[in-house]
Amino acid sequence: MLYELGFLLRSEWWSKAQLRRLQVERLREIAAFAFQNVPFYARKAKELGLSAKDIQHVDDLNRLPLISRDELLRSPEDFLSCRGQRNLWFHSKTSGTTGEPLDSYFDPYSWIVAKYALKMRRVMTLKPRLGSRIAIIEAYSAEAIEEHERKQRTLWDGVLFNRKYLSVFDPPGTHLEILERFRPDFIYGFPSYFKALAKELEGFSRKPFQVKALMTSSELLSNSSRSSIEGCFGSKVQDVYGSTEFKEVAWQCAKGNGYHINMENVMVELIDEKTGAPASREGEIVLTTLSNRAMPLLRYRTGDRARWREGDCPCGRGLVMIDKIEGRIADYLTIPGLGQISPYAMTMAMEQFPDIKKYRIVQMPDYSLEIRIVRDDGSRDVTVDQRLQEIKEKMDLLIRNKVPVCVTPVAEIPISETGKHCVIGKE
Ligand SMILES: [Zn+2]
């Protein structure tokens, strides 16, 4: 890990040309590996008459097909390597906004790079000291958060940093006292959470705590939200763009507003959604791993949008930048007085009820929310009324009672025209 971090702390200052050369070298290796060991790519290479030596240049990526989340969901085994010891692989899961869980696998080396080394490099730009206190706001219920904290604890805790976990479902007002006592150097959370916390801080003449930086991810962060959060807390916001399949992809340094791509680990393409051709300015983000040999995804469509950011960052890093991550705007629900709320936080809230088989969160024209649920017949631990009440309370907290919420049991939730089961929608 330290070796990798050491390398990343040097390579981020390389020139763009040098970084691109490293990318091509790693791309060649991973493509050769995939052609040989991953059923999907072995088949595609044969069909297209491609061999590893055909991948010599960045543009040669175009010779490979684009892949989508749907394809991955249909035949996950097809994308897994036949080599390597599966019992050593790391695994993460997401159900996203389609409600269909997708498993991602990482070999131990790529997991260390993606989960720790790249994250450490980013955090180091905020100049943490040894033993920095980090408050982490997570989409776990108040009851589950302690267990989560226990599971996350590593040997480094207490030495390199001190972490405290808080539930996003608590009313943010109740966090003020805890944060005052904990005196965090950094807080990690959703933009909508920081907006709600900022509201709580309005009445204070002296802030109960002073943070060096706020770190955000998973939600759309507009420039205006950023400035209002930065203004209220008097500290910088560092936003990260990533996905479960690739972990951290791009991040903001302390100097600029663009997102530096982790070029050593992932290749980013922007394409025209309709034609699939490279987009010179703006388009859908397509990702290619340069390290994961458990599930090597090449040219994976994310459904997220970005724009290339020209020029150099004032920080001097050579890592190429993208701009204005517009995200899957359709998935975000606008809550008046709160802004755009993360579909991720909502799905996490619903997944805490094991007896809810299917659900759909629908926003009405008057902004109110209707949550339709299909309950598992077998579960009788709690009555339907109790469950409806619990779901309503959880959602009320998440959207800070800004709009009415009603929860309705239904017999079935029809699949949308696209054949997908979308858990969030508008009517
Ligand atoms: Zn920078």
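The values are calculated or read from the model by the stated rules, or taken from the named source; none is laboratory data. Small disclaimer: the values here were computed from a predicted structure and weren't measured. Please note: Cβ atoms are built from the backbone with ideal geometry, for glycine as well, and neighbour counts cover all protein chains shown.
How many of the residues in the stretch 89-140 are modelled with pLDDT under 85 and either surrounded by fewer than 17 Cβ atoms within 10 Å (Cβ to Cβ) or not small (Gly, Ala, Ser) (or both)? Number of matching residues: 11.
When each of Lys255, Lys247 is tested for being among the basic types (Lys, Arg) and buried (at least 22 other Cβ atoms within 10 Å of the Cβ), the lone residue that passes is Lys247.
Taking the condition modelled with pLDDT under 95, within 28 Å of the chain's Cα centre (by Cα) and among the aromatic types (Phe, Trp, Tyr), does Tyr41 pass? Considered against the rule, which asks whether it is modelled with pLDDT under 95, within 28 Å of the chain's Cα centre (by Cα) and among the aromatic types (Phe, Trp, Tyr), Tyr41 comes out as no. Here Met215 clears all of (1) surrounded by 21 or more Cβ atoms within 10 Å (Cβ to Cβ); (2) farther than 22 Å from Phe169 by Cα; (3) within 16 Å of the ligand (Cβ to nearest atom) except the condition numbered (2). Restricting attention to the stretch 313-324, the residues that are assigned to a loop (DSSP other than H, G, I, E, B) and modelled with pLDDT of 90 or more add up to 8. Every condition in (1) more than 16 Å from the ligand (Cβ to nearest atom); (2) on the phi > 0 side of the Ramachandran plot is met by Gly316 except one, and the failing one is (1). Pairs needed: first member in the stretch 240-259, more than 26 Å from Phe90 (Cβ to Cβ); second member anywhere, in a loop (DSSP other than H, G, I, E, B) and not acidic (Asp, Glu); C-beta distance under 6 Å; at least 6 residues apart or different chains. Matching pairs, first to second residue: Cys253/Thr125; Cys253/Cys315; Ala254/Thr125; Lys255/Pro314; Lys255/Cys315; Gly256/Cys313; Gly256/Pro314. Only residues that are part of a helix (DSSP H, G or I) and surrounded by 21 or more Cβ atoms within 10 Å (Cβ to Cβ) were counted across the stretch 180-198, and they come to 6. A residue that is at pLDDT 90 or above and either assigned to a loop (DSSP other than H, G, I, E, B) or within 16 Å of the ligand (Cβ to nearest atom) (or both) occurs nowhere in the stretch 328-341.
When restricted to residues that are in contact (Cβ under 8 Å) with a residue 24 or more places away in the chain and not aliphatic (A, V, I, L, M), the stretch 137-158 contains 4.
Restricting attention to the stretch 268-282, the residues that are crowded, with 21+ Cβ neighbours inside 10 Å and more than 19 Å from the chain's Cα centre (by Cα) add up to 0.
If you go through the stretch 100-130 and keep only what is over 20 Å from Thr288 (Cα atoms) and of a type in the set (A, V, I, L, M), you end up with Met120, Val123, Met124, Leu126, Leu130.
Residues checked against (1) over 26 Å from the mean Cα position of the chain (by Cα); (2) of a type in the set (Val, Ile, Thr); (3) surrounded by fewer than 18 Cβ atoms within 10 Å (Cβ to Cβ):
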{"residue": "Arg360", "(1), (2), (3)": "no, no, no"}
{"residue": "Pro365", "(1), (2), (3)": "yes, no, yes"}
{"residue": "Val374", "(1), (2), (3)": "yes, yes, yes"}
{"residue": "Asp381", "(1), (2), (3)": "yes, no, yes"}
{"residue": "Leu388", "(1), (2), (3)": "yes, no, no"}
{"residue": "Leu398", "(1), (2), (3)": "no, no, no"}
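Condition test on Val286, is it surrounded by 22 or more Cβ atoms within 10 Å (Cβ to Cβ) and in contact with a Lys or Arg (Cβ under 6 Å, 6 or more places away or on another chain)? Answer is yes for this residue.
Residues in the stretch 236-264 that are among the small types (Gly, Ala, Ser), in contact with an Asp or Glu (Cβ under 7 Å, 6 or more places away or on another chain) and away from the ligand (no atom under 13 Å from the Cβ): Gly242 only. Can you say whether Ala294 is modelled with pLDDT of 85 or more, touching an Asp or Glu at 6+ places or on another chain (Cβ under 6 Å), away from the ligand (no atom under 16 Å from the Cβ) and aliphatic (A, V, I, L, M), as far as the supplied structure shows? In short, yes. Whenever a residue of the stretch 199-210 is surrounded by fewer than 12 Cβ atoms within 10 Å (Cβ to Cβ), its partners that are not in a loop (DSSP other than H, G, I, E, B), lying with C-beta atoms within less than 9 angstrom and at least six residues away or across chains, give the pairs Glu202/Cys232; Phe204/Leu176. Just checking, does the stretch 19-33 include any residue being within 28 Å of Lys274 (Cα to Cα) and of a type in the set (Phe, Trp, Tyr)? No: the stretch 19-33 contains no residue that is within 28 Å of Lys274 (Cα to Cα) and of a type in the set (Phe, Trp, Tyr).
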